[in-house]
Amino acid sequence: MKKSRYALPYEVWMVLFILVPILIVLYYACTTSQGGRVAFSLANLAQVFSPTYLAVLWRSLWIALVATVICLLIGYPVASILASRHFKRSSLMLMLIIIPMWMNFLLRTYAWINLLDTNGLIDRLLSLFGLGNVSLLYNTFAVIIGLVYNFLPFMVLPIYTILSKMEPQLIEAAEDLGANSFQVFRKVKLPLSMPGIVSGITMVFIPATTTFAVSRLLGGGQVMMYGELIENQFLFTRNWHFGAALSLVMMVLVLISMWLFKRNDGSSAEGGMLL
């Protein structure tokens, strides 16, 4: 009885700020407004699956996937180095990774506009090697760079947390049994760090799919992502019903992604240890 009474504030919070907003989105997605009258309709949901909007969805998923893979390829070695017992400046490096996150998300993204713009710092560096005047801004490349920069810490930190808690005796035992560096990584380090990898992928892929600021600023309207499409429906075209339908589809995809990542979390680690 006491437990349910103490849980009441949390239940009220979840109802007000999770369940009620979801129901409002569902209401707008399944209704239309004509002449001031609201009527039930699935036309908005049907329109979401038209080729035009599906192309935006696939593009968003593809860009988010590429950014997530790049974050993983960069983040895992960085986290591994930081978690190493032989690396003495891990605290300093972690601080350098965290400090940019204290800045506003938009300010960090605006900074990349100056870096990637014509006659910007990167363009000037490339011109020293005879590669100047390359279009680096307002394209898919710029959007991926912005996503990787903004979400890379969310890949490094979970993996670093898992690796730093790993017992060094496990690696020493594997080496004593004759395992080389690659075998130690494949059979010991990688399976045990799988929960951190799954957490990092979840924390990068899902926000990267739903973001709108990066694609709007660095894409310059040339690379529209799903989050930006939803933003346009609510803020510019004022079509809340269609915007809610787009949001509902994205919400379902996010939940499916989270379920798949969570399902493969433990099974991947256990399967890796058995190999």
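The values are calculated or read from the model by the stated rules, or taken from the named source; none is laboratory data. Values in this document were obtained by computation on a predicted structure and should not be read as measured data. All Cβ positions, glycine included, derive from the backbone under ideal geometry; neighbour counts span all protein chains shown. SASA here: full protein model, heavy atoms, side chains in, ligands and nucleic acids out. Shrake-Rupley method; radii C 1.70, N 1.55, O 1.52, S 1.80 Å.
Of the solvent-accessible surface of the chain, computed with a 1.4 Å probe and all protein chains present, 69% belongs to carbon and sulfur.
For region 112-227, the C-alpha radius of gyration divided by 2.2 N^0.38 Å, with N the number of residues, is 1.49. Solvent-accessible area per residue in the chain equals 61 Å², computed with a 1.4 angstrom probe and all protein chains kept.
Inter-label distance, Gln183 to Tyr110: 5.6 nm, where each label sits 7 Å from its Cα along the C-beta direction. Extension gain, Val66 to Ile122: 0.36 nm times the residue separation minus the Cα-Cα distance gives 18.0 nm. Comparing Pro21, Cys71, Leu92 along the charge dipole axis of the chain, the residue lying farthest to the positive side is Pro21, per the Cβ-charge model.
Here the sum of -39500 (n - 2.57) over DSSP H runs of 4 or more residues, divided by the residues of the chain, equals -23000 deg cm²/dmol at 222 nm, to the nearest 500.
Between Ser33 and Phe17, the modelled label-to-label distance comes to 2.6 nm, taking each label 7 Å out from Cα in the direction of the beta carbon.
Charging the Cβ of each Asp and Glu at -1 and of each Lys and Arg at +1, and nothing else, the dipole of region 142-213 about its Cα centre rounds to 220 debye.
Under the convention that each Lys and Arg Cβ holds +1 and each Asp and Glu Cβ holds -1, the size of the dipole of the chain around its Cα centre is about 480 debye. When only alpha carbons are used to place a centre, region 9-63 and region 96-118 end up 32 Å from one another. Computed from the C-beta positions of Arg238 and Leu260, the FRET efficiency with R₀ = 41 Å rounds to 0.75. Treating r as the C-beta distance of Asp176 and Gln222 and R0 as 41 Å, the FRET efficiency rounds to 0.15. Measuring spread by the Cα atoms of region 50-132 yields a radius of gyration and Dmax of 17.9, 55 Å. Label zone of Asn139 (point 7 Å out along Cα→Cβ, amide N under 16 Å): in region 198-218 this covers 218. Here Asp117 sits with roughly 70 square angstrom of accessible surface, probe radius 1.4 Å. In the complete set of protein chains, residue-level accessible area for Tyr76 is approximately 20 Å², probe 1.4 angstrom.
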